[in-house]
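Before any comments, here is the structure.
The values are calculated or read from the model by the stated rules, or taken from the named source; none is laboratory data. For clarity, every value in this text was computed on a predicted model and none was experimentally measured. Don't worry about glycine lacking a Cβ; one is built from the backbone with ideal geometry, like all the others, and counts go over all protein chains shown.
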Amino acid sequence: MFESRERLAEDIRVLLDGVRAEARGRYACLMEPGRIVFESPEPEAREEWALRRLLEERSAALFSLPGSMAGEGPAEDLFEGCEQDDFLLAFLNGRVAVVVACPDAEGVRDAVMRPLRALADRLFRYNETWRLDEKGHGFFLGSARLDVVVVGRTG
């Protein structure tokens, strides 16, 4: 039925915490192009603030990543300078992205799919515009288009 926006926001926070915990990640966030909507945990350490700032600054390139992976790949290294982490990126309908900084993104890819699908359900209820794709087409009533990209450390 109808759930309050506050209740949905709390569910999203819990699921984002769960994705981060499953991935043994130090930081996770849910973002739209240009801004971070939810994050886990709230940044306290200098490294998390730096990562948050990097994600916000490079959000346009980040959201173009799934499309560029189908071609020749990205023109630049979006995570240059972040050698301590792998990144698991999950794009829901191209509208929002879950970003997880973790030690082994490829190794946890399958394990986080179930909570990511539950998160997608809550996100659709939280903001109905996220049901549309990035170009404003379609209306996904059932499941989200979920594009998962793993960015591993080099060397």
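The set of residues in region 80-126 being surrounded by fewer than 16 Cβ atoms within 10 Å (Cβ to Cβ) and among the polar types (S, T, N, Q) consists of GLN84 alone.
Kindly check whether there is at least one residue in region 114-125 that is of a type in the set (Gly, Ala, Ser), at pLDDT below 85 and either outside any loop (DSSP other than H, G, I, E, B) or under 25 Å from ALA21 (Cα atoms) (or both). Among the residues of region 114-125, not one is of a type in the set (Gly, Ala, Ser), at pLDDT below 85 and either outside any loop (DSSP other than H, G, I, E, B) or under 25 Å from ALA21 (Cα atoms) (or both), which makes the answer no.
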